[in-house]
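Some notes on the structure that comes next.
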Amino acid sequence: MRVSYKWLKEYVQIDVPPRELAERLTLAGVAVEAIEEPGKDISNVYTGKILKIEQHPNADKLVVCRVTTGGDEELQIVTGATNVREGHIIPVAVVGARLTGGLTIKKAKLRGVESRGMLCSGQELGLDPDTMPEDQAHGIMILPADTPLGVDVKPLIGLDDAILELELTPNRGDCMSMVGVAREVAAIFNKPFKMPETDVAPTVDAAGNNVKVDIEDPALCRRYVARLLKNVKIGASPAWMQERLRAAGVRPINNVVDVTNYVMMELGQPLHAFDYNKLKDGHIIVRRAADDEAMLTLDKSKRELSSDMLVITDPGGPVAVAGVMGGYDSEVTPETKAILLESAYFDPVSIRRTSRDLGLRSESSARFEKGIDLTGCRRAADRAARLLVDMGAAEVVDLVVDNYPRPWIEKTILLRPQRVYHILDLQIPQPEIADLLIRLQFQVKEDEKGLLVTVPGFRPDISLEIDLIEEVARLYGFNCVPNTLPVGSVTQGARNYSQELALKIRNFLATGGFSEVITYTFVNPRVFDLLGLAPDSQLRKTVALKNPMSEDQSVMRTLLYPGLLDVLQRNAKRQVKDAAVFELGRVYHPREGETLPLEVTTLAAAVTGSTPGGWNRSPVTMDFYYLKGVLDALLVQVGVNDVSYVPVTGAPGFHPGRTAAVICGETEIGIIGDLHPDVQEAYDLSRPVTIFEVNFDKLAGVSGNLRRYKSLPRFPGVERDLAVVIRNDIPCADIINTICRAASALLQEVRLFDVYRGKQVEKGRQSLAFSLKFQAADRTLTDDEVNKQIEKITGALEREYAAVLRS
Amino acid sequence: MEDKLNSILADAREALAKTNNLNELNELRVRYLGKKGSLTMVLRGMGSLSPEERPRVGQLANEVRAEIENILEQRLAEIKRKVKSAKLAEEKIDVTLPGTPFLIGHKHPLTAVQEEIENIFLGMGYSIEEGPEIETDYYNFEALNLPKYHPARDMQDSFFISPEVLLRTHTSPVQVRTMERTVPNLPVRIIAPGKVYRRDDDATHSPMFHQVEGLVIDKRITFGDLKGTLQVFAEKMFGPKTRTRFRPSYFPFTEPSAEVDISCGMCDGKGCRVCSYTGWLEILGCGMVHPRVLEMSGYNSEDVTGFAFGMGVERIAMLKYDIDDMRLLFDNDLRFLAQF
């Protein structure tokens, strides 16, 4: 809503400048988003009259005008405009004038002819071309013929005004009008508020004229006022009205349309003017449309209607989509001689649905859908009639139909002062509360229980005691409420176990060299093709958005790691090719027979490239074993002790020979592996990538923070190295298991420290070197004891794997 | 003989003073004091002395020995010191060479800010509640006093899964779920952080973003409590000099409702580019829980009152780190992330 500061003063006395007014309105809940001062940078533009227009001697597209600004001197001005005629009064920027965009007018020669000034278009004066009459939108602005010459043009066309742009909350439909804002201003500054003149005296007898209004669906149309005007003379509206409409952002069209728009802006009541002679029998029928009905609206589009939509019809068919847009066939034209003014109340929800379903929003629908003043329909029709009569544009027929099947029900609400104290913590005396509400035009009566407050028709948003408390608070000033802190029983503020675990994991990975990323949870379903998922894969069963922003964000992810691949790809394109990233977020799986899908918190990490090297340290490749080391450490950190990695082939997206299921105790919590080379290629990544993806909820289930101290050994341990040559397809984990089983409890630690394949070892075999640590709690071990253990171990390895001891 | 002793001492003094290395020093020790050393040789000639001379010469000889030993000790200490300092000098390294790289990672700025917000409220006795990101229309709208076709639904253009299921547009459904679970017990004192979704995408909006909402319900919660709580939050989050300003606003689930501005930290409220020359920055919305919302969740709105607030984590992160484009937060450029 655009509010002209100058116009607003017609209804209330304002003693503060626009900026302060804006501040006060904002702090009372009518937010002013911006203040526009269209004429701020403009100076030295005067009204002038074109005395003579001659063709430019050297240019076909230019003319030479002789212009007077009232004095004796005539100015010679060259212009390219085609809409000016001799006798027109126009804005003239004289030499030295400043226009929008910092343009300064100097004496100039245009194709050899001297030009001393410029004839201005609205745009050059900072006006929006969309608010100019059609014929002037792209040409010179033409002022009314009775405009005095040589005066500053700024006050004449509203360039001395300030426009407050309101950002209204949905509950304050009443402020979508000048009087609504004026009421607020009056309340804030405690000034009287003046309603515009609506008295109108009919001059044409009703006899011989027929107006009839039938409302078939009174739930959707609670009131319909129809007022007939005759002897209509269509023409331009007066300059003052055009200026105000322009300030409100509305293009002047003709006097009748302008008046309906003006009254809508002034009173907040949308009006529609039908060409009376195009309505059959002057008979208005308000009804729901039929499902197969259609009509041509003002904007010349054919609209398919449905039975959810309310239409205005005559016996011949629809003439308007109620409250949204008028029909083309009954539109007011330059030939119109009689008009029927509609001032009605339509149901907000119905208008909202209709306007949404038609994809058609108008100034009118915007007001109806927020709820207008049901008690104000007649007044608005009268106001429009009065304006048209005052302008000499029409005569009023002594015929008004006010069909009002569902009248406004007066609401009286009890406001208990102690409730005000309780909610606001503010000790305002009852008379002061009453005064604040009276300033807002509520009627207030004292009662033994408190105040009985009657709500005016223009405030349909008020229906509860709390609504009144808010009114009191906002007018009193939120910032006058003293700051306190809640008192009451003490509560423990703490993260729960899984929140604490999430924090711990984030801290661990972030300090361990991983950067956390946050990616969109909605993805392109094409991702599943990139990963090579089977057509019937469970992971392709997604929660899909009905109205995504784009195909790229159309289904909820079922896997976390593709988001990481996107991140790696994007970074690689920017020359960042070494990366270690993780994300902790949810994935979403639809559930048969459930309204809501399953949301699984998931942890994924990806590494590629190598760690940064230095002058004294070579880079370490971040590969499978690097990431596995990280995962191992992470699991230890969160108290998981029993972890195993079981080879997995055929996991979608993963390398068949380099992937393992991560199993904690009996629970499979996730997967770790190298990205399948095909997927790596599909993502256009030049280097291998290793990933793990773990179900956070399952991880939380197997994790723990229970730790028990084990007494430290008092006797020295014995370390022995053992190297065996063994078939290279035997998993290391099996070999270690065999070693542990073969040895007694004296074996405290098995550490693999070397893997060798190459010349020294025959093909298909490898050499594994282990460091074994033996230790007893109660004595120092003898060589003999340790040797016996080693023998048992080598024996088992020979038996089970035909391993050969390497000397 | 006495002359001899004196000359040995003078000799030794001179020789010891000259030497600068440990080996030489040892040789000199042998040369003067060893079994075949010059002092020993002189002492062997003691037998030829008269009994009167013997004690005197003996005493002198002991004094000479003691003196030589003394000098030896001193020289030894000196030389050791020199050797050590020479070694240290040799061991000098260029301390300006770069250190061995220590791989560090970074929490996402949104996580860092969210944790900071959480910690402030945890310190005030709030617990953290979570809930589904994909919600029913009931929890996301209806139970929050936003019936179908309510104009305020426009404020939150939603992503729908079906007519009844959508991506939550705020974390308020968590508040409703918590109230339903807690009723009739008191107090409720929670924050609800998490991802939320609205159909918006530009430099200051992202279709997915993060909120932290708070809810307090108890017997006597007032608008003043709300103001005081958020003042404490603003001071902890943005610095002790931060001021707050409450502007009346409208949310269907609270009444009275307010938008909260903080004084701009860049210009101290004087007006600058960051605050669009207003001196104020809008950071959150809040209000007293609407009686209908309390009733729908099972509380008696005559007996209990409450307040709620909600803030965008992105907005706060952008203010805190002076980030001008929200899209950077979801671009995950590692050069960007490494700055936090």
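The values are calculated or read from the model by the stated rules, or taken from the named source; none is laboratory data. All figures in this text were calculated on a predicted structure; none of them were measured in a lab. Backbone-built Cβ (ideal geometry, glycine too); neighbour counts: all protein chains shown. Only protein heavy atoms, including side chains, enter the accessible area calculation; ligands, DNA and RNA are left aside. Shrake-Rupley method; radii C 1.70, N 1.55, O 1.52, S 1.80 Å.
With the condition kept exactly as written, say whether any residue in the range A:578-585 is facing chain B (nearest Cβ under 7 Å) and either surrounded by fewer than 17 Cβ atoms within 10 Å (Cβ to Cβ) or charged (D, E, K, R) (or both). Outline the logic, then answer.
Taking the range A:578-585 first, the residues facing chain B (nearest Cβ under 7 Å) are A:579-580.
Retained after the next criterion (residues that are either surrounded by fewer than 17 Cβ atoms within 10 Å (Cβ to Cβ) or charged (D, E, K, R) (or both)): none.
Looking for residues that are facing chain B (nearest Cβ under 7 Å) and either surrounded by fewer than 17 Cβ atoms within 10 Å (Cβ to Cβ) or charged (D, E, K, R) (or both), one finds none in the range A:578-585, hence no.
Is it true that A:Leu414 is in contact with a Gly (Cβ under 7 Å, 6 or more places away or on another chain) and surrounded by fewer than 15 Cβ atoms within 10 Å (Cβ to Cβ)?
On the way: in contact with a Gly (Cβ under 7 Å, 6 or more places away or on another chain): yes; surrounded by fewer than 15 Cβ atoms within 10 Å (Cβ to Cβ): yes.
The answer is yes for A:Leu414.
Limited to the range A:316-334, what total is found for residues that are farther than 14 Å from A:Phe274 by Cβ and surrounded by fewer than 23 Cβ atoms within 10 Å (Cβ to Cβ)?
Looking only at that region, the number is 1.
Return the total of residues in the range A:443-467 being more than 10 Å from chain B (Cβ to nearest Cβ) and not in a loop (DSSP other than H, G, I, E, B). Let's see the steps before the verdict.
Taking the range A:443-467 as the starting set, the residues that turn out to be more than 10 Å from chain B (Cβ to nearest Cβ) are A:443-460, A:462-463.
Checking which are not in a loop (DSSP other than H, G, I, E, B) leaves us with A:443-447, A:450-454.
So the answer is 10.
Of the conditions (1) more than 7 Å from chain B (Cβ to nearest Cβ); (2) surrounded by fewer than 19 Cβ atoms within 10 Å (Cβ to Cβ); (3) modelled with pLDDT of 95 or more, A:Gln499 clears all except one; give me its number.
(1)
If I filter the range B:130-156 down to residues being more than 9 Å from every other protein chain (Cβ to nearest Cβ) and within 40 Å of the chain's Cα centre (by Cα), which single residue comes out as farthest from A:Pro486 (Cα to Cα)?
B:Gln156
Determine if the range A:682-703 includes at least one residue that is assigned to a strand (DSSP E or B) and polar (S, T, N, Q).
yes
For residues that are open to solvent by 20 Å² or more (accessible area, probe 1.4 Å) and among the acidic types (Asp, Glu), tally how many sit in the range B:244-271.
2
Out of the range B:194-218, which residues are open to solvent by less than 10 Å² (accessible area, probe 1.4 Å), at the interface with chain A (Cβ under 7 Å from one of its Cβ atoms) and not in a loop (DSSP other than H, G, I, E, B)?
Within the range B:194-218, B:Met208, B:Val216 qualify.
Say we look at the range B:72-110 and pick out the residues that are open to solvent by 100 Å² or more (accessible area, probe 1.4 Å) and within 14 Å of chain A (Cβ to nearest Cβ); which of these is farthest from B:His210 (Cα to Cα)?
B:Ile93
A quick yes/no check of all residues on (1) open to solvent by 10 Å² or more (accessible area, probe 1.4 Å); (2) touching a residue at least 40 places away in the same chain (Cβ under 8 Å):
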{"position": "A:Val232", "(1), (2)": "no, yes"}
{"position": "A:Pro238", "(1), (2)": "yes, yes"}
{"position": "A:Gln242", "(1), (2)": "yes, yes"}
{"position": "A:Ile253", "(1), (2)": "yes, yes"}
{"position": "A:Asp258", "(1), (2)": "no, no"}
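With (1) closer than 26 Å to A:Val662 by Cβ; (2) open to solvent by 20 Å² or more (accessible area, probe 1.4 Å); (3) in the same structural domain as A:Cys664 (by TED's automatic domain parsing); (4) not hydrophobic (A, V, I, L, M, F, W, C) as the list, and A:Ser686 as the residue in question, which single condition is left unmet?
Condition (1) is where A:Ser686 drops out.
Taking the range B:302-329 as the search range and keeping residues that are aromatic (Phe, Trp, Tyr) and in contact with an Asp or Glu (Cβ under 9 Å, 6 or more places away or on another chain), which one is nearest to the other protein chains (Cβ to nearest Cβ)? So that I can check it myself, show each step before the final result.
Keep residues of the range B:302-329 that are aromatic (Phe, Trp, Tyr), which gives B:307, B:309, B:321.
Filter once more, keeping what is in contact with an Asp or Glu (Cβ under 9 Å, 6 or more places away or on another chain): B:307, B:309.
Numbers: B:Phe307: 8, B:Phe309: 13 Å.
So the residue we want is B:Phe307.
Considering only residues that are crowded, with 21+ Cβ neighbours inside 10 Å, in contact with a Gly (Cβ under 8 Å, 6 or more places away or on another chain) and not aliphatic (A, V, I, L, M), which ones fall in the range A:24-42?
Scanning the range A:24-42 gives A:Pro38, A:Gly39.
Quick one: A:Leu388 ticks every box in (1) open to solvent by 30 Å² or more (accessible area, probe 1.4 Å); (2) more than 14 Å from every other protein chain (Cβ to nearest Cβ); (3) part of a helix (DSSP H, G or I) bar one, so which box is it?
(1)
Among the residues of the range A:569-606, what is the count of those that are part of a strand (DSSP E or B) and under 31 Å from the mean Cα position of the chain (by Cα)?
Qualifying residue count, the range A:569-606: 16.
Given the options B:Ile221, B:Ile191, name the one that is within 10 Å of chain A (Cβ to nearest Cβ), outside any loop (DSSP other than H, G, I, E, B) and touching a Phe, Trp or Tyr at 6+ places or on another chain (Cβ under 8 Å). Step through it out loud before you land on a result.
On the way: B:Ile221 fails: outside any loop (DSSP other than H, G, I, E, B).
That would be B:Ile191, the only listed residue that is within 10 Å of chain A (Cβ to nearest Cβ), outside any loop (DSSP other than H, G, I, E, B) and touching a Phe, Trp or Tyr at 6+ places or on another chain (Cβ under 8 Å).
With the structure loaded, tell me whether B:Glu295 is acidic (Asp, Glu) and either touching a Ser or Thr at 6+ places or on another chain (Cβ under 9 Å) or in a helix (DSSP H, G or I) (or both) or whether it fails that test.
yes
Any idea how many residues of the range A:502-515 are facing chain B (nearest Cβ under 7 Å) and touching a residue at least 60 places away in the same chain (Cβ under 8 Å)?
Residues meeting the conditions: 6.
For the range A:433-450, how many residues meet the condition of being farther than 20 Å from B:Asp303 by Cβ and either among the basic types (Lys, Arg) or touching a residue at least 24 places away in the same chain (Cβ under 8 Å) (or both)?
9
Which number in (1) of a type outside the set (Asp, Glu); (2) open to solvent by 10 Å² or more (accessible area, probe 1.4 Å); (3) under 25 Å from B:Asp225 (Cβ atoms); (4) away from chain B (no Cβ under 11 Å) marks the one condition that A:Asn479 misses?
For A:Asn479, the exception is condition (4).
Filter the range A:204-218 down to the residues that are at pLDDT below 95 and loosely packed, with under 13 Cβ neighbours inside 10 Å and list them by number.
Those that are at pLDDT below 95 and loosely packed, with under 13 Cβ neighbours inside 10 Å: A:Asp205, A:Ala207, A:Gly208, A:Asn210.
Listed here are the residues, each with its yes/no results for (1) farther than 28 Å from B:Val83 by Cβ; (2) over 60 Å from the mean Cα position of the chain (by Cα); (3) open to solvent by less than 30 Å² (accessible area, probe 1.4 Å); (4) modelled with pLDDT of 90 or more.
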| residue | (1), (2), (3), (4) |
| --- | --- |
| B:Ala12 | no, yes, yes, no |
| B:Ala15 | no, yes, yes, no |
| B:Lys35 | no, yes, no, no |
| B:Asn70 | no, no, no, yes |
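Output the residue which, of all residues in the range A:597-638 that are aromatic (Phe, Trp, Tyr) and farther than 24 Å from A:Thr519 by Cβ, is nearest to the other protein chains (Cβ to nearest Cβ).
Residues of the range A:597-638 that are aromatic (Phe, Trp, Tyr), as a first pass: A:615, A:624-626.
Filter once more, keeping what is farther than 24 Å from A:Thr519 by Cβ: A:615, A:625.
Working: A:Trp615: 7, A:Tyr625: 16 Å.
By that ranking, first place goes to A:Trp615.
With the requirement that a residue be more than 30 Å from A:Arg24 (Cβ to Cβ) and part of a loop (DSSP other than H, G, I, E, B), what does the range A:469-500 give you?
Correct list: A:Pro486, A:Val487, A:Gly488, A:Ser489, A:Val490, A:Thr491, A:Gln492, A:Gly493, A:Ala494, A:Arg495, A:Asn496.
Has the range A:657-669 got any residue that is assigned to a helix (DSSP H, G or I) and over 30 Å from A:Phe774 (Cα atoms)?
No, the range A:657-669 contains no residue that is assigned to a helix (DSSP H, G or I) and over 30 Å from A:Phe774 (Cα atoms).
I need the full set of residues from the range A:516-553 which are open to solvent by less than 10 Å² (accessible area, probe 1.4 Å), touching a Leu at 6+ places or on another chain (Cβ under 8 Å), within 14 Å of chain B (Cβ to nearest Cβ) and not aromatic (Phe, Trp, Tyr), in order please.
Answer for the range A:516-553, where residues must be open to solvent by less than 10 Å² (accessible area, probe 1.4 Å), touching a Leu at 6+ places or on another chain (Cβ under 8 Å), within 14 Å of chain B (Cβ to nearest Cβ) and not aromatic (Phe, Trp, Tyr): A:Glu516, A:Val517.
Which count do you get for residues in the range A:39-60 that are among the hydroxyl-bearing types (Ser, Thr, Tyr) and either more than 30 Å from A:Glu243 (Cβ to Cβ) or under 43 Å from the mean Cα position of the chain (by Cα) (or both)?
Selection size over the range A:39-60: 1.
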